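Rule-based calculations on the coordinates, nothing more; no lab input. Source: prediction; values computed, not measured. Cβ sites come from the backbone with ideal geometry, for glycine too, and all protein chains shown count toward neighbours.
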């Protein structure tokens, strides 16, 4: 290309570039002035940007640089725009949302195991529990064990061994433990209603119940005779028992307790106003009343004794007990059979029913 022609094209390109640059400057100047006008319209009001708007402005502003931003940026300062850009970069590499606070918590199953060991072994300290967990391939620090027990309201071993809960006491002495209580039945007589008291004793491990006596007004002499019968060396219901639980009713006299003590049975009185501490006896009273006695009207002691005798036979051999896995206390040989005629045994005129297969 001849030099003259090259110089001509060079001049044209420079002139075109200058014209385009001037036009861009005019556009920038117009947009800048337009932003100032908008800012004057919003004078006294703070403009609130969304996160998306901040990202868009930050991305565009980074390409211009601080010097140019100082000339054209009117909505926010260059420092603010660059700060938004740094925040945008930081969010890209922020992994805090995927990271938990501190160390991961101990599994719930291990926490339950720590609590179970502490409750079942009142003398075990943190170190003993830690060793027992190690035997099961669970590595837990002493401080973690202390924290778990504190969260569940369990005292350290020195304080724990000073007292014993009723649940622990019952489990330790289940086989030699019995409970006794009374309930009342109103009887219709020629002289009006007469209240009869029924004393019973329950073997807690099997739920077997013995009716110890039925009397209108129990007194000290009657209770002492009941104690002798219950501790008889040949057929006494309490001959193999070591503890008898009862409430603080005045019916349970000192003479009653002394006769039991002489036979090797220690009386354990429930705390005042605590009926829930003898739930098995309370449940028996509810059963015999709701299923039998409350549905009958009694006109004599003989009728009452007959009704209680029939219910006790039903209670031991024909009634399923949820506390025993929904099983019978004394099951017949035919229980569980899959063949044979299904029969229904009725007691008290059909008030109590038992379905079984013929042997």
Open item on the list: For 237, 256, which order do you get if you count the other beta carbons within 10 Å of each Cβ and list the fewest first?
Closed with: 237, 256
Open item on the list: Quick check: from the Cα gyration tensor, does segment 194-245 come out rounded (a/c under 1.5), prolate or oblate?
Closed with: oblate
- [ ] Would you order 291, 120 from fewest to most other beta-carbon atoms within 10 Å of each residue's own beta-carbon?
- [x] 120, 291
TODO: Can you pull the one-decimal nm distance between simple spin-label points at residue 321 and residue 52, each 7 Å off the Cα toward Cβ?
DONE: 7.1
Task: Inter-centroid distance (Cα atoms) of segment 223-283 relative to segment 292-359, Å - done: 27
Open item on the list: I need the Kirkwood Rh of segment 108-163: take the reciprocal of the average 1/r across all distinct C-alpha pairs and report it in angstrom.
Closed with: 11.0
TODO: Quick one: grab the alpha carbon gyration tensor of segment 228-340, order the square roots of its eigenvalues as a ≥ b ≥ c, and give me rounded if a/c is under 1.5, else prolate or oblate depending on whether a/b is larger than b/c.
DONE: prolate
Open item on the list: Using the basic label-point model (7 angstrom from Cα toward the beta carbon), what is the residue 214 to residue 235 distance in nanometres?
Closed with: 1.8
Open item on the list: Using Cβ contacts closer than 10 Å as the measure, can you line up 215, 226 from fewest to most?
Closed with: 215, 226
